[in-house]
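One structure below.
All of the numbers you see were taken from the coordinates with simple rules; none came from a lab. It should be emphasised that the depicted structure is a prediction, and the values quoted were computed from it without experimental measurement. No Cβ is skipped: glycine too gets one built from the backbone with ideal geometry, and neighbour counts run over all protein chains shown.
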2 protein chains.
Amino acid sequence: MNKTMTATKGAFPGVRHDHGDCVAGALRAAEELCAQRGARLTKLRRRVFELVWSSHAPVGAYDLLRRLARERDGAAPPTVYRALDFLRGHGLIHRIESLNAFVGCCAPGLAHAGQFLICSACGTAAEIDDPRLDAAIEKRAKALGFAIQRKTIEVEGLCPPCQARRS
Amino acid sequence: MNKTMTATKGAFPGVRHDHGDCVAGALRAAEELCAQRGARLTKLRRRVFELVWSSHAPVGAYDLLRRLARERDGAAPPTVYRALDFLRGHGLIHRIESLNAFVGCCAPGLAHAGQFLICSACGTAAEIDDPRLDAAIEKRAKALGFAIQRKTIEVEGLCPPCQARRS
DNA sequence: TAAGATATGTTATATTATAACATTCTCAAA
DNA sequence: TTTGAGAATGTTATAATATAACATATCTTA
Ligand SMILES: [Zn+2]
Ligand SMILES: [Zn+2]
Ligand SMILES: [Zn+2]
Ligand SMILES: [Zn+2]
């Protein structure tokens with residue numbers, strides 16, 4: 001475990017964690033994964049990935065676009081959506097359906113259905129992978145003869161720091 | 001239990017179920033609920049509710065609008081969105097985040113966080129309310145000190161009839 | 001190097017949702 | 001029964017999110 005705790009699956013990243021480590025780690029993992037698969041993590045895609053990882057709060061496509069447009073002219077919606085599609089296709093980021101926004105995956109490469117706890121105050125999303133939760137879904141689906149293709153689990157609420165801040 | 005089985009929470013409505021019964025039951029329940037609460041289920045709201053209930057597949061706001069506009073002129077986006085907001089506020093319908101669409105609630109009045117199995121082939125959504133699933137989420141949230149406000153559980157896949165149809 | 005495949009640029013448009021203000025309707029108090 | 005306040009709806013405009021379609025550039029590999 002790192003001295004300066006970086007974001008881990010199943011926990012809220014500490015307020016003062018070293019986010020540079022998060023980004024660096026995510027980039028390393030993404031590069032490795034793409035190399036293994038012969039997928040091209042181009043400059044543009046890498047940059048979009050970095051922008052998505054700029055915090056642990058999901059980011060909207062047009063936010064990404066605005067930031068991208070500052071550094072690269074001719075950036076238009078397809079520019080960012082295509083990069084997002086690539087990243088999503090390789091499981092490097094997740095889409096948060098209830099927010100129309102995107103967030104970096106904390107465990108790329110591992111098969112998992114993103115499960116998220118999302119703070120409605122600070123926006124931070126914690127990716128979890130609760131086997132009980134998953135098992136409950138699988139079991140119920142099986143009982144009804146339903147063949148699962150994709151799971152969307154998004155729980156909105158208040159993270160511990162934000163609860164403290166309100167009381 | 002009805003002779004002609006109507007849609008029940010926790011199951012896929014049969015292909016040949018009497019959907020008129022579903023709609024009639026839903027309308028009765030909505031009327032009762034609104035009466036209890038002193039909420040006004042106006043003509044417009046009731047009509048939007050009926051249109052949402054026109055099938056068990058979630059319907060987009062603009063689909064509703066197109067249909068509404070046939071019968072009522074001057075129907076514009078706010079017309080339908082306001083009705084949807086009202087219905088949602090009273091728990092009479094749910095929004096399916098992963099589809100940007102709306103579906104009737106099978107158990108209005110009862111506290112529950114809509115959990116859905118949604119068929120990617122025919123569109124049918126089955127509302128379930130699995131206590132284990134709910135418990136798993138609550139437990140994990142508690143362990144992380146997360147205060148839940150809203151849960152979004154949407155599982156996409158193939159319903160039994162659609163699986164049969166493909167094989 | 002040339003050809004094909006992949007990625008990006010560019011323009012236009014589709015889809016979903018809300019803001020802001022005007023008008024009409026409802027219901028109860030005067 | 002009036003009338004006035006609040007609620008609901010009408011109306012116009014625009015914001016926010018996403019994709020289609022085609023042109024150009026870049027990469028890969030034979
Ligand atoms: Zn971090
Ligand atoms: Zn927070
Ligand atoms: Zn039905
Ligand atoms: Zn189906």
Seminar exercise, completed: For the range B:26-78, listing trypsin sites (Lys or Arg not before Pro) in a DSSP loop whose Cβ sees at most 14 other Cβ atoms within 10 Å gives B:R40, B:R72
For this session: Using Cα pairs closer than 8 Å and at least 6 residues apart in sequence, work out the relative contact order for the range B:6-166, in percent.
Result: 24 percent
Problem set entry | Across the identical copies, how the A:K142 labels are spaced - nm, sorted shortest first, 7 Å along Cα→Cβ | 2.6
For this session: Report Rg(Cα)/(2.2 N^0.38 Å) for chain B, keeping two decimals.
Result: 1.09
Problem set entry | A:A107/A:R40 FRET efficiency (R0 25 Å; Cβ-Cβ; nearest 0.05) | 0.65
Problem set entry | Cα-projected label distance for A:R88 with B:D63, points at 7 Å along beta-carbon direction, nm | 2.0 nm
For this session: Count the lysine pairs in the range B:6-166 whose Cα atoms sit under 27 Å apart, keeping only pairs 8 or more residues apart in sequence or on different chains.
Result: 5
Problem set entry | 7 Å along Cα→Cβ, label-point gaps from B:K43 to other copies, nm, shortest first | 6.3
Seminar exercise, completed: The farthest towards the positive end of the charge dipole of the range B:22-155, of the residues B:A126, B:L64, B:A75, given +1 on Cβ of Lys and Arg and -1 on Cβ of Asp and Glu, is B:A75
Problem set entry | All-pairs alpha carbon distance profile, the protein assembly as shown, 10 Å steps from 0, percent | 5, 22, 29, 25, 14, 4, 0
